[in-house]
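Below is one structure, written out as structure tokens, with a few remarks after it.
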Amino acid sequence: MTDSTVPTEAEPRNTVTLGFVRGIAPSRWQTRWNEVRSRRRLDLVPLEQVGDVTSAETDMTLVRCQPGEFPAGARTEPRTRHAVQLYEEAVALVVDIDHDLAGEASVDVSDLDLVHLLDYEGHSAAWPTPQPWDDPSWRPTGPRAALELVATGIGAILMPLPLARHVIAKKQHSIIEVTGEIDGTRVFATWNVSRDDDEMQELMGVLRGRTARSSR
């Protein structure tokens with residue numbers, strides 16, 4: 001007679017998990033994967049907006065990095081994460097709804113000298129220099145806190161355009177795409193080196209545009 005309380009070996013998961021941070025829309029890749037793969041479906045896992053986020057709970061993660069930066073673990077020795085850049089994001093100027101530029105489709109980066117830019121944690125060093133705070137403790141720690149200040153009309157902020165579209169309040173803010181010579185944030189796919197197998201390579205192929213009709 002066997003003891004039914006003895007745990008059996010866990011069955012393999014029937015899903016692959018793709019984590020993503022705010023402003024990234026991975027549903028198109030989920031559709032492609034499910035067209036290409038028939039054994040394990042792709043589940044999407046939203047994660048907090050952190051530039052170098054990695055998660056042991058996801059097989060692969062889509063992260064946003066500042067210009068010139070890379071996901072955590074991708075450039076260390078020993079390297080713990082693989083990282084492949086997928087694309088660069090446009091930069092947006094976010095102003096209050098009553099700002100003189102509100103409603104404009106775009107603004108050249110050279111014209112940002114005329115805009116009072118607020119410094120906050122998400123402002124890249126590669127972007128035009130913002131106005132420093134008289135008291136550094138006033139500096140907002142994230143985009144939502146910065147957007148609350150923008151809504152009061154005291155200044156504007158720069159941020160990734162896809163993220164801006166995701167987090168602004170339409171009744172309080174206006175988004176303007178920044179054009180000209182300005183480096184945008186970069187979106188990477190990153191995964192643990194121990195998970196570097198055929199399935200991860202196939203998922204990378206999907207992220208890079210492979211469809212059910214593509215040849216291997």
- line: Counting Lys and Arg as +1 and Asp and Glu as -1 over every other residue whose Cβ sits under 11 Å from the Cβ of THR58, the net charge comes to -2
- line: With label points set 7 Å from each Cα along the Cα-to-Cβ direction at ARG75 and ILE97, the distance between them in nm comes to 4.1
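At a Förster distance of 25 Å, what's the computed FRET efficiency of HIS166 paired with ASP135, Cβ-Cβ distance as r, to 0.05?
Numbers: r = 30 Å, r/R0 = 1.19.
With a Förster radius of 25 Å, E is 0.25.
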message: Going by amide H atoms built from the backbone, whose H comes under 5 Å of the H on GLY142, apart from near neighbours?
response: GLU121
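Can you pull a Stokes-Einstein diffusion coefficient for the chain at 4 °C (1.567 mPa s), Rh from Kirkwood over Cα pairs, as a whole number of µm²/s?
Numbers: Rh = 19.4 Å.
Rounded, D is 67 µm²/s.
Please give the direction-averaged projected area of the C-alpha convex hull for the stretch 58-156, in square nanometres with one decimal.
Numbers: hull surface 34.8 nm².
If you wrap the Cα atoms of the stretch 58-156 in a convex hull and average its projections, you get 8.7 nm².
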query: Separation between the MET204 and ASP111 pseudo-spin-labels, each 7 Å from Cα along Cα→Cβ, expressed in nm?
result: 4.1
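To the nearest 500 deg cm²/dmol, what mean residue ellipticity at 222 nm is calculated for the chain from DSSP H runs of n ≥ 4 alone, each contributing -39,500 (n - 2.57), summed and divided by the residues?
Values: 4 runs with 36 residues, N = 216.
It comes out at -4500 deg cm²/dmol, rounded to the nearest 500.
Using 0.36 nm per residue, how much length does the chain from GLN85 to ARG40 gain when fully extended, once their Cα-Cα distance is taken away?
On the way: separation 45, 0.36 × 45 = 16.20 nm, distance 2.47 nm.
Gain in length upon complete extension: 13.7 nm.
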- prompt: What list of whole percents do you get for P(r) of the stretch 92-216, with Cα-Cα distances grouped in 10 Å bins up to the one holding the largest distance?
  reply: 12, 37, 22, 16, 12, 1
field: Interatomic Cα distance distribution for the stretch 130-188, bins of 10 angstrom, percent
entry: 18, 51, 29, 2
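No value in this document is a laboratory result; all are computed from the given coordinates. All values reported here derive from a predicted model rather than from experimental measurement. Because the Cβ atoms are built from the backbone with ideal geometry, glycine has one as well, and the counts that use them run over all protein chains shown.
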